[in-house]
Number of protein chains: 4
Amino acid sequence: MKAARRVLLLGAGRIGQVHARALSQAAGAVMIGVHDTDAARAAELARQYNTVPIADPEEALASGATDAVVIGTSSDSHLDFVGRAARHGVHVFCEKPLALNVADIEAAIAVCRQYGVALQVGLNRRFDPNALEIAGAVRAGRIGRPLSMRVTSRDPAPPPREFIRRSGGLFHDMSIHDFDLCRFILGDEVVEVMTMGSCLIDPMFAEEGDADVATICLRFASGALGVVETTRATGYGYDQRIEVLGRDGALESENLTAHRVILRDRRGQSAPLPLPFFLERYEIAFGRQMQSFIDALGADDPAGAIAVSGVDALLAHRICDAAAQSWRERRPIVLQPADGG
Amino acid sequence: MKAARRVLLLGAGRIGQVHARALSQAAGAVMIGVHDTDAARAAELARQYNTVPIADPEEALASGATDAVVIGTSSDSHLDFVGRAARHGVHVFCEKPLALNVADIEAAIAVCRQYGVALQVGLNRRFDPNALEIAGAVRAGRIGRPLSMRVTSRDPAPPPREFIRRSGGLFHDMSIHDFDLCRFILGDEVVEVMTMGSCLIDPMFAEEGDADVATICLRFASGALGVVETTRATGYGYDQRIEVLGRDGALESENLTAHRVILRDRRGQSAPLPLPFFLERYEIAFGRQMQSFIDALGADDPAGAIAVSGVDALLAHRICDAAAQSWRERRPIVLQPADGG
Amino acid sequence: MKAARRVLLLGAGRIGQVHARALSQAAGAVMIGVHDTDAARAAELARQYNTVPIADPEEALASGATDAVVIGTSSDSHLDFVGRAARHGVHVFCEKPLALNVADIEAAIAVCRQYGVALQVGLNRRFDPNALEIAGAVRAGRIGRPLSMRVTSRDPAPPPREFIRRSGGLFHDMSIHDFDLCRFILGDEVVEVMTMGSCLIDPMFAEEGDADVATICLRFASGALGVVETTRATGYGYDQRIEVLGRDGALESENLTAHRVILRDRRGQSAPLPLPFFLERYEIAFGRQMQSFIDALGADDPAGAIAVSGVDALLAHRICDAAAQSWRERRPIVLQPADGG
Amino acid sequence: MKAARRVLLLGAGRIGQVHARALSQAAGAVMIGVHDTDAARAAELARQYNTVPIADPEEALASGATDAVVIGTSSDSHLDFVGRAARHGVHVFCEKPLALNVADIEAAIAVCRQYGVALQVGLNRRFDPNALEIAGAVRAGRIGRPLSMRVTSRDPAPPPREFIRRSGGLFHDMSIHDFDLCRFILGDEVVEVMTMGSCLIDPMFAEEGDADVATICLRFASGALGVVETTRATGYGYDQRIEVLGRDGALESENLTAHRVILRDRRGQSAPLPLPFFLERYEIAFGRQMQSFIDALGADDPAGAIAVSGVDALLAHRICDAAAQSWRERRPIVLQPADGG
């Protein structure tokens, strides 16, 4: 039996806590410490998971006692931490976005390549049971040649204005996951993007230069079509569904729920609402994502064994850029073939 | 009790047979005869429904014994029959398309107005139980302000090449119903259309200048978004679903089936496929559509009591034109405000 | 083409109206008149379906102008009308119950045999699309050898006290349909009955010597088990479901609904309630039942072509008797092999 | 913060592994060792969960270092281990059955009372999300007064003959869970039991004096009715569903599945099969059950804080006895009021 991977967690906020839990349940991993700019927060999370708070991450990365790092800090610090880890030969799991723009994403990819460390990006929905089932069925030819695909992606409630400003906008914040799912499930690349968007939920979005409801049409290299339907709020919670149409059949996922009980009364036959938000909805996916990263580290070529790479992050980001541009310019945007792969 | 409306049926083909059945079950209507260019077909249908074949429709229209006409002949003869009926003061139900282009549709509307006869167009899906339930719930405010709407509209199998040539193409043949449903359900007008289409099912479509899978995005005057997902063939039959998202909730329809029996065996839990094609799927709608027409004829102002007017046909046709143009020119098309209403 | 069957309708009440409608839509039938002890009710129904009221049914039966009679009068008059029709050589469709007890049912069967007329009984649920689908799948071996079967049979609201008194009690009024469905679907005979019942909904039922909620267990000759779960009222309408378990799979039916629209809002995901009561729920079944009767009349041997015979009514009635006895005596009742078949 | 409870695990077989996993994830617990009569199996499980194998459980129980024991050994050793733990003041979680007959169950309850230790029994289904949702809704009055309840409980495939011999038969092995669920959900006690059973799947069951398909009817003190439908094998896996009918509504649970993806193809619309067997189906329940036990140990009165007590095990066992007797003697069995509570 190989020794457990020694993993340092950077960031003890909401997503850091998600990764801490996933790490604590992953086979073959041991969390050797937690760093956060807020030392109290780091201490609390460390206590909860029986590990130690780390004041100086650089020291920990340089110590030789760290096999891998999980980066869950603020988005604008991702590139810096990726670089620091890579230079010390420490493998990297980085929460999405890998970096804030194409140049920085390419830099992150480059530095990991240069130092030969593995780089996995937190596009976690690929590990969702529904997404995996659909991807597997498509690849197994269960529905024949793919013709079109739809992702319904709706957040339950508007975020605060401050979040909107920092989020990069609807397309980069939310749709990046949906675009990545399309690429993953179809095994195909986007060549054209066409967006229609409105601001109907809260004028705050328009004031911040954002849309709050949008439809993004994708054309894939094979000719298959995709459509992402997204919104910042619904009256019924978090709605995350996928449909793929093939020449011989179709696949469709329903939302996950906390139980499967129907109530029948004079008002109708009522099934439970979807799981409330991404922490609950993708809890299984977060766990499997981390296990996938830990397992890759045990491969002969960790960088080659990674399931979701920096290039995946780059290609998804370029679709986000095109979707936002199409929305602003009200015209279709043709994507140039990626040279990142 | 008023006397039953005396209705002449023109056309004894597939759609004529649908209307004959609907007429035979409509309260307050009597089918006084059937005309078809194929006299044998007219005679057979007349015998089946206990009425008489009519050799000369002009004579029947002029006789004073005809209150209304149901036109189910070939599309290119619609305008002519509408005009002939109107000039004899005979009310008109005309199967879609009302005519083959905007000018002819406007002419059909004009002649009915001139002679004061009622004109209903066969956009039958408005009478579907699912569509009516959704429209009613939207208007009753059950989901709050509409944000977006989706129509999934998929035919079971490709039509023959000859049909494609005559059909006017994917958008005018199939999507006209979907566009009309969007207008009906949202009670809103389309102001912008953006189409993405491919030919993936059969090269025959491309050879005929048509797409066989397409996504059409709509922007409504209120800012709400619509998306129609359509295709000429599936591996699982006729797929006809609607979803409307509002600020406070959402409505979604499932396909109708011949029964509600689930089979559980080692392969899964299997529900029945959708009803096979439009004749079965919209049988209830065809019946209610005809009853609606007959009921309108009994109103003080039949032309004003009609549920689906010539202007509805005109506006749906203009969206079809825009969808086709957007597909050909790969750019969004802005619709000018209609002056037809 | 054979001439249409000339059918006399006896009874213009609720069930008479159901049969009138079914007759008006049946191919190959013409309703030649309606009789009811309430002449005004007969006149109104006759007017509605374009036929004549009949004051003296005996005269009509004797006239030679009546091919068949549909009996929808009060239950205590069924045997008398069956006998009168049979003696005039008129085929009989009789609403359930065929008669009020085993002796009278046997008499009704005997008189029809004696005069060689066909006798069909109104156990209409065999013609329900769900029941037909399940019966067909069981016979086709889709689920292998049947192990057990369940019928969920729940009325929406308690009937008035007067109805309970006349109804023959829960088992004879409601469960007769469920027992007939079990025999039909399994193609097997009941050999033992064991009932557990309570009065929980309204003490009125106990005062009338009846239960208002009951579970009836059936053992079939093959060893297969059945269970009927029934009640006189629910808070959510009319609940009519069937499940059959076989060695290789299972079949389960869901309730039919007026539409297939789901509403999602903060309270849940709500599907429509079942169709309200038997008139709506079994409308299709009533139509197919009448068509089946009319079609049988056109066979070389009408009595042999009948789908639901007097013996079916007899056997179902004997299960009702056993269920009621088991409930009163709190012990299993073993059924003697029928000699009626 | 209180110190973690020190828990000794007895039994490293299938159910022991389930409890080991649950313990490893329970907050506030530490597994201090594993004992099994098969030392290698104990060592393997100890290694997997980072604890130590224990050769002499008596020594560990007597050491003062053990707060609680989890008993997952063979059923015939349960009573002995319960007594040994109790005498050392060690709290007890015992997998079902608590013991093999009423006298021994009463002895187990008595010894724990005598020494003041908490005793929880592994009737794990009370912790299933579906069961909890239904129980909560019933107690909250969502469906009004309960009228009847159904448990569908079907194992996927027949166990080996040797297991059947040791299992205590269909009712004691399988139905004990279903009876406990009925008591839990209705909050009511069974007063009468009536069973109908057959051997249709494999003659082996009859040879061992057992049934392989059975319906058990229950009458509760309130007059409410229950029915458990059970079988040793299906063609579609493990079927675990509950329905409760109340005066104002009904609750029904569907099976849990590994994902929520529907495949539509020419054969139908296919949903996934239920989770394969109890390890997967009740994984969440096993985890919550152990957490519930650990949490109770932290209460001021652990014995009083236990969620599923020895008396619950006793009452469920008595229903099993009655169900088996009713099946053998083909008559209803009336249960005497329990004096165990």
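The values are calculated or read from the model by the stated rules, or taken from the named source; none is laboratory data. Keep in mind that this is a model prediction, so the values were computed, not measured. So basically every Cβ, Gly included, is an ideal-geometry build from the backbone, and we count neighbours across all protein chains shown.
Within region B:75-100, count every residue that is surrounded by fewer than 21 Cβ atoms within 10 Å (Cβ to Cβ) and in contact (Cβ under 8 Å) with a residue 40 or more places away in the chain.
Initially, region B:75-100 is screened for residues surrounded by fewer than 21 Cβ atoms within 10 Å (Cβ to Cβ), giving B:75-77, B:80, B:83-84, B:87-89, B:100.
Remaining after also requiring in contact (Cβ under 8 Å) with a residue 40 or more places away in the chain: B:75, B:100.
Result for region B:75-100: 2.
Take A:ARG113 and tell me if it is part of a helix (DSSP H, G or I), charged (D, E, K, R) and within 26 Å of A:SER167 (Cα to Cα). Give the derivation first.
Details: part of a helix (DSSP H, G or I): yes; charged (D, E, K, R): yes; within 26 Å of A:SER167 (Cα to Cα): no.
Criteria not met by A:ARG113.
Note on region D:258-274: residues that are more than 7 Å from every other protein chain (Cβ to nearest Cβ) and surrounded by fewer than 19 Cβ atoms within 10 Å (Cβ to Cβ) amount to 0. Screening C:PHE163 against (1) hydrophobic (A, V, I, L, M, F, W, C); (2) within 19 Å of the chain's Cα centre (by Cα); (3) at pLDDT 95 or above; (4) over 24 Å from C:SER253 (Cβ atoms) leaves a single unmet condition, (3).
Looking at B:MET174, is it of a type in the set (A, V, I, L, M) and surrounded by fewer than 24 Cβ atoms within 10 Å (Cβ to Cβ)?
Answer is yes for this residue.
With respect to the conditions (1) within 14 Å of chain C (Cβ to nearest Cβ); (2) within 12 Å of B:ALA303 (Cα to Cα), B:CYS112 lacks only one, and its number is (1). Kindly establish whether B:PHE179 is in contact (Cβ under 8 Å) with a residue 60 or more places away in the chain and part of a helix (DSSP H, G or I). For B:PHE179, the condition - in contact (Cβ under 8 Å) with a residue 60 or more places away in the chain and part of a helix (DSSP H, G or I) - is met. Filter region D:157-171 for residues that are within 14 Å of chain C (Cβ to nearest Cβ) and either under 20 Å from C:MET194 (Cβ atoms) or buried (at least 17 other Cβ atoms within 10 Å of the Cβ) (or both) and give the result. Residue satisfying the conditions is D:LEU170 alone.
If you take the residues in region A:58-74 that are polar (S, T, N, Q) and within 12 Å of A:GLY89 (Cα to Cα), which one is surrounded by the most Cβ atoms within 10 Å (Cβ to Cβ)? Can you show your working first?
Step one: of region A:58-74, the residues polar (S, T, N, Q) are A:63, A:66, A:73-74.
So of that shortlist, the ones also within 12 Å of A:GLY89 (Cα to Cα) come out as A:63, A:66.
Values: A:SER63: 14, A:THR66: 23.
Only one residue fits best here, namely A:THR66.
One residue stands out in region B:302-339 among those that are over 20 Å from B:MET174 (Cβ atoms) and under 15 Å from the mean Cα position of the chain (by Cα): the one that is surrounded by the most Cβ atoms within 10 Å (Cβ to Cβ), namely B:GLY310. Tell me yes or no: at least one residue of region A:169-176 is over 30 Å from A:GLY136 (Cα atoms) and modelled with pLDDT under 95. Within region A:169-176 (the criterion being over 30 Å from A:GLY136 (Cα atoms) and modelled with pLDDT under 95), the answer is yes, since at least one residue qualifies.
Residue by residue through region D:69-93, note down the ones that are within 20 Å of the chain's Cα centre (by Cα) and outside any helix (DSSP H, G or I). Full working, then the answer.
Pass one, region D:69-93, residues within 20 Å of the chain's Cα centre (by Cα): D:69-82, D:91-93.
If the condition is that a residue be within 20 Å of the chain's Cα centre (by Cα) and outside any helix (DSSP H, G or I), then D:VAL69, D:VAL70, D:ILE71, D:GLY72, D:THR73, D:SER74, D:HIS91, D:VAL92, D:PHE93 are the ones that fit.
Aliphatic (A, V, I, L, M), out of contact with any Leu (no Cβ under 9 Å at 6 or more places or on another chain) and over 30 Å from A:ALA103 (Cα atoms) - does that describe any residue in region A:7-19? No: zero hits. The residues listed here are B:GLY235, B:GLY246, B:GLY226; of these, the one that is within 14 Å of chain C (Cβ to nearest Cβ) and either crowded, with 20+ Cβ neighbours inside 10 Å or more than 21 Å from B:ARG126 (Cα to Cα) (or both) is B:GLY246.
Among the candidates B:PHE286, B:PHE277, B:PHE293, the residue that is under 30 Å from A:LEU251 (Cα atoms), aromatic (Phe, Trp, Tyr) and away from every other protein chain (no Cβ under 14 Å) is uniquely B:PHE277. Scanning region D:40-57 for residues that are in a helix (DSSP H, G or I), free of Cβ contacts under 8 Å to residues at least 40 places away in the same chain, surrounded by 14 or more Cβ atoms within 10 Å (Cβ to Cβ) and of a type outside the set (D, E, K, R) yields a count of 5.
Entry remark, region D:13-51: residues being in contact with a Gly (Cβ under 8 Å, 6 or more places away or on another chain), hydrophobic (A, V, I, L, M, F, W, C) and farther than 24 Å from D:GLY298 by Cα number 3 in total.
Out of everything in region D:187-221 that is of a type in the set (Ser, Thr, Tyr) and at the interface with chain C (Cβ under 8 Å from one of its Cβ atoms), what residue ends up being surrounded by the most Cβ atoms within 10 Å (Cβ to Cβ)?
Step one: list which residues in region D:187-221 are of a type in the set (Ser, Thr, Tyr), which gives D:195, D:198, D:215.
Checking which are at the interface with chain C (Cβ under 8 Å from one of its Cβ atoms) leaves us with D:198, D:215.
Details: D:SER198: 22, D:THR215: 25.
Among those that are of a type in the set (Ser, Thr, Tyr) and at the interface with chain C (Cβ under 8 Å from one of its Cβ atoms), it is D:THR215.
Taking the criterion of being more than 14 Å from every other protein chain (Cβ to nearest Cβ) and in contact with a helix residue (DSSP H, G or I) (Cβ under 6 Å, 6 or more places away or on another chain), the residues of region C:176-186 that qualify are C:ILE176, C:HIS177, C:PHE179, C:ASP180, C:PHE184. All conditions but one from (1) of a type in the set (Gly, Ala, Ser); (2) exposed (fewer than 15 other Cβ atoms within 10 Å of the Cβ); (3) more than 21 Å from B:ASP80 (Cβ to Cβ) apply to B:SER24; the one that does not is (2).
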